[in-house]
Structure formats: C-alpha cells, structure tokens
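Below is one structure, written out as structure tokens; comments come after it.
Nothing in this text is a laboratory measurement; each read-out follows from the coordinates by a stated rule. The model shown is predicted, which means the values in this text are computed figures rather than measured ones. All Cβ positions, glycine included, derive from the backbone under ideal geometry; neighbour counts span all protein chains shown.
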Amino acid sequence: MAASVLLMSMSVDGYIAGPNDAPGNPGGDGFMRLHEWYKTADGDFGRPDGPAADIWDELNATGAVLVGRRTAEQVDWYGGDHHGVPIFVLSRQPAPEAAQKYETVTFVSDVESAMAQAKAAAGDKDVLVHGAYTAQKALEAGVLDELQIDQVPVLFGHGMRLFDVLPNQIELEVARVIDTPAATHIRYRVRH
C-alpha cells in the first residue's frame, strides 16, 4: 500500500525556514543552507552522491504531491510540474488565476479528501507531502504515514518551525537512519 511521506529538511533546533519567509524570499533568509545536502560532487543542486541519493530517488519515485497553498504559491505552483505527477493543493480558498493555468494542479479544501485524492492518483506509489501547515493538518487527521526528516547540522535560532502547533502527542518509530556529514536523514513511521 502506498504511504504518504512528508519530506522536510530541518535545522537541529526545528526550523524549516529562516526569517523573512515570503513569496519574494521563499524559505526565508538562509533557507538554502537546509538544502546543501542536495549538492552533487560538482557543487550543483541535484541527486547527491553517496547514501543520501536514496532519498532523492524516493522523492522522484512518488506518484503525487500534496502541498499547502502557501508553499505552492511561493514556488509558483511548481510551474505545474513536480517530477511529472499530479499536484494537490490544500486550501480553503479557490485556486487563483495563476494556478488555474496548470492542468496538473488541483485545489482541495480538506486534508482527508486531499490525501485520498492524492493516494488514488499515486496508485501504488507514495504521496510526497510538502509544507508545515499541511504536515500538521495531516498528522492531526491521522492521514500522514511517514516523515522523512533531513536534519542539517545548523542552529537557525529563529524562523518557521515544523511542529509548532500540534493538537496532541504523536508517537513515531524510527524506520531508517542515513548519517552523512551534510545531514542525518531519519525516516519515521507514524503510529496510528
């Protein structure tokens, strides 16, 4: 059965975005530091060398994306193409004109329905989940199966935290750990 998997790079102190996170500055100041583990031996962003390459491959093998409106808006709805799969945007508001031009982008107002549609579209592949708000809502609703947290050895001190608002304690179990000098990649299963 396909799983819904949050993929998120995070500082050791729990930040997924730096200060001044806004549409003109997606991810805020210092954001790219959280994604340096994506660098190749040539220093370009892409499939990393070594064991972290497995995470890159898993990301690109997913069958659908579920993302929050704010995240999608900041990256211009991925230009309608996130590795060639359908994109479901969690939003209580209708799609703006900028998003309507992308046939692969579907707006859904509640997380349960959004996840069900994303899983149906993904078939036997996983659903890639992006965005702090979406992750929080999916955890609250019990529809997020796994978390792939790529913990980067840096302390941001301020910005946006991933799990600032959760309604209750959520138990996880460690499914895999890949330790590299650039990040410790921990995959958790959510205990439902």
In nm, to one decimal, how far is the modelled label at ARG161 from the one at ALA98, with both set 7 Å along Cα→Cβ?
-> 2.9 nm
What does a probe at ASP76 reach in segment 3-44, counting residues whose amide N is under 13 Å from the point 7 Å along Cα→Cβ?
-> 24
Whole-Hz Karplus ³J(HN,Hα) for segment 57-72, in order, using 6.51 cos²θ - 1.76 cosθ + 1.60 and θ = phi - 60°, x for Gly and Pro?
-> 5, 5, 4, 7, 9, 6, x, 6, 10, 10, 9, x, 4, 4, 5, 4
Can you give me the pair-distance distribution of the chain, C-alpha pairs, 10 Å bins, whole percents?
-> 9, 36, 41, 14, 0
Length gained if VAL174 through ALA116 is fully extended, taking 0.36 nm per residue and subtracting the Cα-Cα distance, is 18.4 nm
Taking θ as phi - 60°, what are the ³J(HN,Hα) couplings along segment 102-112 by the Karplus curve (6.51, -1.76, 1.60), each to the nearest whole Hz, with x for Gly and Pro?
-> 9, 5, 7, 9, 10, 8, 9, 8, 10, 5, 5
Scaled by the rule-of-thumb 2.2 N^0.38 Å, the alpha carbon Rg for segment 16-93 gives a ratio of 1.21
For the chain, modelled as a Gaussian network with Cα springs under 10 Å, which listed residue fluctuates most, GLY27, GLY50, GLY63?
-> GLY50
Exposed GluC sites (Glu not before Pro) absent: longest stretch of the chain, with sites in DSSP loops and at most 14 other Cβ within 10 Å deemed exposed | 1-102
Computed P(r) (all Cα pairs; segment 148-192; 5 Å bins; percent) | 5, 17, 20, 23, 22, 11, 2
When VAL12, VAL152 are ranked with the fewest other C-beta atoms within 10 Å first, the list becomes VAL12, VAL152
Note to self, the chain gives a 222 nm [θ] from helices alone (DSSP H runs n ≥ 4, -39500 (n - 2.57) apiece, / all residues, nearest 500) of -5500 deg cm²/dmol
Under a straight-distance cross-link criterion of Cα-Cα below 15 Å, which aspartates and glutamates are reachable from LYS137, leaving out those fewer than 8 residues away in the same chain?
-> ASP110, GLU112, ASP145, GLU146, ASP164
